[in-house]
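Colleague: Please see the structure below; I have some questions.
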Amino acid sequence: MMRKVSIALFATVLAGCASTPRETAGISTMTALAIANDAPAQVVNNQIGVLDLVNVIVFQVPDLTFVGENAIRVDVSGKIEMPLIGSLQAAGRTPSELGADIRTRLASRYLQNPQVTVRVAEAANQKITVDGAVTEPGVYETKGQTTLLQAVAMAKGATNVADLESVAVFRTVDGQRMVAVFDMAAIRAGSALDPVLQGDDVVIVDTSRLSVAMRDALVALPALGGLFYAFRN
């Protein structure tokens, strides 16, 4: 599902800017903003997403098994709640990683050698906005994991005036607008990792007409740090 939006959306994005300045030199060469925290980008294949439904099966423990209509919904902060062990990070992890975490926590205090299986029962529909120098700017509905390259492809690709070395992703984290900039040409060439997007992300493909406004936005907004995960081509 897609509805048309205009380039004026960029101004709307900037309207929510924070005032904290930051250095932007060399930002367009970042392959994933995990670099900002000196942390390697994580490479994933089947991450759990925000608002996904997950089945959690603890073998022979019905009170800790959640399937079907009792499947657990990942909340907007990316976490799930489990009896006995409380809140766990789910979004950005694979089912096997989440299962291993649950197994470790249960084994530490409650069960001897628990057998835990986690599966994604239903991937949530999410909306991602793609604007700027793309063929069909719009709001696109996605299901499951969507990378930056996939999002731009849904908008029928970048135009011939696009600056592929300066593609910005805006995201709201705990009520604060943040930004990351990626070199899509390097991603296409396989020399950089393809970041995984989240629902409500806004992708702006820069052009020479937008470059001044884009630089102003990058100075005004804090970087997303290690909040991006990446998919290897």
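Colleague: Collect the residues in segment 147-177 that are under 20 Å from Gly92 (Cβ atoms) and modelled with pLDDT of 85 or more, keeping them in residue-number order.
Modeller: Thr147, Leu148, Leu149, Gln150, Ala151, Val169, Phe170, Arg171
Colleague: Can you confirm whether segment 117-125 contains a residue that is within 11 Å of Val203 (Cβ to Cβ), modelled with pLDDT of 95 or more and more than 17 Å from the chain's Cα centre (by Cα)? Give the steps one after another, and end with the answer.
Modeller: Step one: filter segment 117-125 for residues within 11 Å of Val203 (Cβ to Cβ), giving none.
No, there is no match, as no residue in segment 117-125 is within 11 Å of Val203 (Cβ to Cβ), modelled with pLDDT of 95 or more and more than 17 Å from the chain's Cα centre (by Cα).
Colleague: Would you check if Leu88 is under 15 Å from the mean Cα position of the chain (by Cα), surrounded by fewer than 20 Cβ atoms within 10 Å (Cβ to Cβ) and in contact (Cβ under 8 Å) with a residue 12 or more places away in the chain?
Modeller: The answer is no for Leu88.
Colleague: Of the conditions (1) open to solvent by 30 Å² or more (accessible area, probe 1.4 Å); (2) of a type outside the set (D, E, K, R); (3) modelled with pLDDT of 95 or more; (4) not in a strand (DSSP E or B), Pro114 fails just one. Which one is it?
Modeller: Just one mismatch for Pro114, condition (1).
Colleague: While we're looking at this one, here's another question. Could you pull out the residue among Gly99, Gly49 that is open to solvent by less than 30 Å² (accessible area, probe 1.4 Å) and in a loop (DSSP other than H, G, I, E, B)?
Modeller: Gly49
Colleague: Moving to a separate point now. Every residue in segment 147-170 that is touching a helix residue (DSSP H, G or I) at 6+ places or on another chain (Cβ under 9 Å) and open to solvent by 10 Å² or more (accessible area, probe 1.4 Å), please.
Modeller: Leu149, Ala158, Ala162, Asp163, Leu164, Glu165, Ser166
Colleague: Under 8 Å between Cβ atoms, at least 6 apart or on separate chains: pull out the pairs that start in segment 95-106 with a residue that is more than 13 Å from Ile85 (Cα to Cα) and among the polar types (S, T, N, Q) and end on any residue that is open to solvent by 40 Å² or more (accessible area, probe 1.4 Å) and part of a helix (DSSP H, G or I).
Modeller: Nothing qualifies.
Colleague: Considering segment 111-151 alone, what residues qualify as being under 18 Å from Gly78 (Cβ atoms) and among the acidic types (Asp, Glu)?
Modeller: Listed by number, the list holds a single entry, Glu122.
The values are calculated or read from the model by the stated rules, or taken from the named source; none is laboratory data. The shown structure was predicted, so the numbers you read here are calculated from the model rather than taken from an experiment. Heads up, the Cβs are rebuilt from the backbone with ideal geometry, glycines too, and the neighbour counts pull from every protein chain shown. Accessible surface is based on the protein model in full, side chains and every heavy atom, while ligands, DNA and RNA are left aside. Shrake-Rupley method; radii C 1.70, N 1.55, O 1.52, S 1.80 Å.
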